[in-house]
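All remarks here apply to the structure that follows.
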There are 2 protein chains.
Amino acid sequence: MESIDKIHGTFEKRIAETKANVPTAVIKRLPRYHRYLGELIREGRMRISSAELSELLGVTASQIRQDLNCFGGFGQQGYGYNVKYLHGKIGELLGVTEGFRTVIVGAGNLGRALAATHMFERRGVERLALFDVNPDIIGTKIYGIPVYSTDELGEFCRRERVDIGVLTVPKEAAFSVADVMARAGVRGIWNFANMELSLPYPEVEVENIHLGDSLMTLCYRLKSAGGAEED
Amino acid sequence: MESIDKIHGTFEKRIAETKANVPTAVIKRLPRYHRYLGELIREGRMRISSAELSELLGVTASQIRQDLNCFGGFGQQGYGYNVKYLHGKIGELLGVTEGFRTVIVGAGNLGRALAATHMFERRGVERLALFDVNPDIIGTKIYGIPVYSTDELGEFCRRERVDIGVLTVPKEAAFSVADVMARAGVRGIWNFANMELSLPYPEVEVENIHLGDSLMTLCYRLKSAGGAEED
């Protein structure tokens, strides 16, 4: 890694300088780049050209070069990108290396599905606990994650310095649960409660998941494809 | 409804004329408009001004007017939008009224969570069946939806004219299951298998769900908010 670091020279400095200026549109594409690069690593790939990356991602090569240039550019002419290095640096930029700590509130089907995935740890996010109101499962473990009573949520978040709360509770409970977490210092809410969550705390970031919007996009594409006109 | 239809006059014709020309960016915003309007209906609201709609959606009023003008414009100066009419027409444009038929493949936690929601029927999509390989649940019902063996998937899709297949199977099985469905006439795949699914059938629309990308976006926002620089 030493020589690569040398090649990329002033990268760290550049990131510090340019980070604040990376356009939102680029930031939105980075998780996807990160995910593909992660797959390449698992396949044992070491380098990739922007042309190949372009084909894989369905984005033009010039778009890729432009995006990666936004934060210093990692490629070398005729040499391509170092997959692991690029993956690591994009991860760093996205916050993967921050060691964020999370709890999942609601141990229903969706909460369990989130407890079962490797999605969190793969992105450097640690799952500390599940919370639920059902006495039958409080005190048990689900996929190795301990389940506590929702009554203990605030106290736990405060004590364990939880960064992110994942909301999989029914719509009706979403606001009050998010409120408890926000007051206990949680700074990010990942909201699956199928309602727009707006909290009176500007410092708390909310990411709403709307699966229904995705379903409708698919329906629209089916409808359009089935009709006479094509775009 | 008659008088409203009169007010909006040539709407149907306009939709037919302009549909093919609605920009993709607008189409992407429509599910969100549709969702908010649905909430307003449930709250009993009849009319809404573009100013109010703008505040609710966090989009400028002129953006809203521009978006809705793309397919004919439903508002009246000083009168606002008719919530139910607008909801219905956007739904129509998106394909909600097409009566798409779907099956969910994989009755694990995520499949069960999807079986439990009202998301599908609310968007006019009918869930016909769940499919799984687990003999313990084949022949049972989950949230009222019958569970069949994955062996019967192709035959079922063909016979029941299934439009959309929801994939919640493990990554390794995703391609072969999607392939069976595509060969049986399924035209849309809603893919939760946490891998990019590319099928050799250009006529099949695939909508990939990448929850991990959303998690990373949240991490990035937390990281940025926590740092010295703000944008």
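No value in this document is a laboratory result; all are computed from the given coordinates. Predicted model, so just to flag it, every value in this text is computed and none were measured. Cβ: placed from backbone, ideal geometry, glycine included. Neighbour counts: every protein chain shown.
Residue pairs exceeding 20 angstrom between C-alpha atoms, taken from A:Lys223/B:Lys84; A:Lys28/B:Lys223; A:Lys171/B:Lys84; A:Lys28/A:Lys89; A:Lys223/B:Lys28; A:Lys89/B:Lys223: A:Lys223/B:Lys84; A:Lys171/B:Lys84. Projecting 7 Å from Cα along the Cα-to-Cβ direction, the label point of B:Pro146 sits 4.6 nm from its equivalents in the other copies, listed shortest first. Using modelled amide H (1.01 Å from N, peptide plane; none on Pro or chain starts), what sits under 5 Å from the amide H of B:Ile142, excluding residues fewer than 5 places away? Result for B:Ile142 returns B:Val147. Expected output is a single nm value to one decimal: the length gained when fully extending between B:Thr60 and B:Asp136, i.e. 0.36 nm times separation in residues minus the C-alpha distance. What is it? Result: 22.1 nm gained on full extension.
With the label put 7 angstrom out from Cα along the Cα-to-Cβ vector, B:Gly99 ends up 5.9 nm from the copy partners, going from closest to farthest.
Put simply, the amide H of B:Asn208, placed in the peptide plane, has neighbours under 5 Å in B:Asn191, leaving out anything fewer than 5 places away on its chain.
Judged by the gyration tensor of its Cα atoms, with axes a ≥ b ≥ c, segment A:99-213 is rounded; a/c sits under the 1.5 cut. Between the amide H of A:Val59 and any residue lying 5 or more places away or on another chain, no distance stays under 5 Å, with hydrogens modeled in the peptide plane.
The calculated FRET efficiency for B:His118 paired with A:Ser49, based on their beta-carbon distance and R0 = 41 Å, is about 0.30.
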